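What follows is a set of notes on a single structure, which appears directly below.
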Amino acid sequence: MNAREKPEPIEGQQVDKVYERKLAELIGTTPKALERKRQRGVLPPGVWEKIDGCIMYSLERYNEWAESQWGSPKASRSPGAPSASASHGRKSDVAKRSPILRRPKDLQQQPVYELR
């Protein structure tokens, strides 16, 4: 077995440690995106470790970290109650700058003439 191949789980046990490529596949992102998150410090070192020159992630710790990023704790949500937020997890609720409005062509500033 190659050092970079995924180890086979022992019967009845779940695999917790996976390579960056596999985690990216599982969560629907790219290995490069995970690498950048590590470099920027978004993903804390307990979620990932460098082992024999390879980056490995703990699925359990990643899931705990991802859950902690949600606004409300898991216990306060009930499965039958809809969320009070209308944002659906989007960042669009943050105040945005209003676009710079241009004057209509007929309201452009008139040239100023100087009398001598």
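Within the full protein context, the accessible area of Val47 is estimated at about 10 Å² for a probe radius of 1.4 Å. Packing around the peptides 26-38, 54-66, taken as the average count of other Cβ atoms within 10 Å per residue, puts them in this order, highest first: 54-66, 26-38.
With R₀ fixed at 41 Å, the C-beta to C-beta distance from Asp106 to Met56 puts the FRET efficiency at about 0.05.
The values are calculated or read from the model by the stated rules, or taken from the named source; none is laboratory data. Worth saying up front: this structure is predicted, and the values here are computed from it rather than measured. When we count neighbours, we look across all protein chains shown, and the Cβ atoms used for this are built from the backbone with ideal geometry, even at glycine. The protein model used for the area step is the full one, side chains on, heavy atoms only, and it has no ligands, DNA or RNA in it. Shrake-Rupley method; radii C 1.70, N 1.55, O 1.52, S 1.80 Å.
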